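**Q** The structure follows.
The values are calculated or read from the model by the stated rules, or taken from the named source; none is laboratory data. Fair warning: this is a prediction, and the values are worked out from it, not measured in the lab. Here the Cβ positions follow ideal geometry from the backbone for every residue, glycine too, while neighbour counts run over all protein chains shown. Please note that ligands, DNA and RNA were not included when accessible areas were found on the heavy atoms of the full protein model with its side chains. Shrake-Rupley method; radii C 1.70, N 1.55, O 1.52, S 1.80 Å.
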Amino acid sequence: MSSLDNALSPALAARQEAHLYRQRRTLESPQGAEVLVNGQRYLNFCSNDYLGLANHPEVIAAFQNAANQYGVGSGASHLVVGHSRVHHELEEALADFTGRPRALLFSSGYQANMGTINALVGRHDFVFQDRLNHASLLDGALLSGSRFQRFTHNDPQALEKRLCEAQKKSPDSRKLVVVDGVFSMDGDEAPLKAYADLCQQYGAWLMVDDAHGLGVIGAHGRGSLEAAGCSLADAPVLMGTLGKAFGTAGAFVAGSEVLIESLIQSARNYIYTTAIPPAVAAATLSSLALIKREAWRRQHLQNLIEQFQQGLKGLPFELMPSHTAIQPLLVGSSEAALHLSEKLRDQNILISAIRPPTVPEGTARLRITLSAAHSEAQVQQLLLALAVVADDIHL
Ligand SMILES: *Cc1c(COP(=O)(O)O)cnc(C)c1O
């Protein structure tokens, strides 16, 4: 074995031992309610394709037409010569959809979060984040070198205590409060209005990562800010991803003219990377049109969520307090979560066992995600499969 492999092997073995080893499945079909993996059909309850748009004929056609018109690669970063007409149209459409003056495309949500946090705060500033925020937000704050504090999940009082201390210590420092709108592994929603009020009071700025809310929640699918009744002034920085409910890929930040121009000048994760393919932008314009036009997708998804929660009542699973498409079942040990996920796979149902460090120690779970692509019969099938494995929950 090489010296590199020798150095790395013990950690791999330890991971395996602790039931924390991660493995990929190879998908042989489009994303959808049913997928093909290793020649086997499965009912899929683990994608983030919440509205069933990843394989929608209109979105595919928009992608194909744009590939014919623009080719495949964008060929350069946005600031060099990679910013095409269709990227620009998508930015305008996303600004309009979110009710904000401007929007800026990034190549992924990870990049958008890293780049935005680092453009807004530095060494002498403060960043406050919910403990359960997405890894890209935590990494963004770490890289910024700012004074980074985490607060108890969904707890405005805990945030206020920290804001108050920071304000006393250095009233002139910038203060950025960053939260997920919908928490990716729990499915619950942040108390955005309470955070917005605190930010107002302490002169802080609220940034919301709405990867799991945009397109799905709010009366028009405009996401967590719409659902919470928050304005641009309440939450001046909104990050949205395109790889989830939009069914494509990439991400954007929406806000004021000055915010977006500042990101263009100084967000390194925006500047030093190749623009997403123009065809992806065209496909996203098409999925945005569907999100606006087909409100039935959100309604159907809501019905499935209710059906699932009702159906689970007779079973010994612990649902987490979520009203969204993310309906995790808390299991506890990684071993039991993995075991349940395998037993469900034997019944041709795909659900990921989410384990530490993605979630806190002792809170491994089955992360079930529902989609407008599912039928009631498929959710019923999921409930029946869960009933079969119910006895194995306390392994
Ligand atoms: C998925 C996700 C991201 C990252 O977005 P990508 O476009 O997949 O890089 C960021 N934040 C949250 C909360 C997410 O769930």
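**Q** Is it fair to say residue 375 is within 30 Å of residue 298 (Cα to Cα), surrounded by fewer than 16 Cβ atoms within 10 Å (Cβ to Cβ) and hydroxyl-bearing (Ser, Thr, Tyr)?
**A** Values: within 30 Å of residue 298 (Cα to Cα): yes; surrounded by fewer than 16 Cβ atoms within 10 Å (Cβ to Cβ): yes; hydroxyl-bearing (Ser, Thr, Tyr): yes.
Here the answer is yes, as residue 375 does meet what is asked.
**Q** Tally time: how many residues in the range 67-121 are open to solvent by less than 20 Å² (accessible area, probe 1.4 Å) and among the acidic types (Asp, Glu)?
**A** The number of residues fulfilling the criteria is 1.
**Q** I'd like to verify a number: residues in the range 145-201 that are open to solvent by 50 Å² or more (accessible area, probe 1.4 Å), among the polar types (S, T, N, Q) and under 28 Å from residue 324 (Cβ atoms), how many?
**A** 3
**Q** Scan the range 366-393 for residues that are among the charged types (D, E, K, R) and more than 17 Å from the chain's Cα centre (by Cα) and jot them down. Break it down into steps so the answer makes sense when it comes.
**A** First, pick out the residues of the range 366-393 that are among the charged types (D, E, K, R): 367, 376, 391-392.
Hits for the range 366-393 are 376, 391, 392.
**Q** Pick out the one residue from 301, 288 that is crowded, with 19+ Cβ neighbours inside 10 Å, within 22 Å of the chain's Cα centre (by Cα), part of a helix (DSSP H, G or I) and not assigned by TED's automatic domain parsing to the domain that holds residue 110. Full working, then the answer.
**A** On the way: 288 fails: not assigned by TED's automatic domain parsing to the domain that holds residue 110.
Every option except 301 fails the conditions.
**Q** Out of (1) open to solvent by less than 10 Å² (accessible area, probe 1.4 Å); (2) within 15 Å of the ligand (Cβ to nearest atom); (3) part of a loop (DSSP other than H, G, I, E, B), what's the single condition that is false for residue 248?
**A** Unmet for residue 248, out of (1) open to solvent by less than 10 Å² (accessible area, probe 1.4 Å); (2) within 15 Å of the ligand (Cβ to nearest atom); (3) part of a loop (DSSP other than H, G, I, E, B): (1).
**Q** What's the total number of residues in the range 208-234 that are within 16 Å of the ligand (Cβ to nearest atom) and in a loop (DSSP other than H, G, I, E, B)?
**A** 9
**Q** Which of the residues belonging to the range 1-21 are open to solvent by 80 Å² or more (accessible area, probe 1.4 Å) and either acidic (Asp, Glu) or in the same structural domain as residue 357 (by TED's automatic domain parsing) (or both)?
**A** Listed by number, the list holds a single entry, 17.
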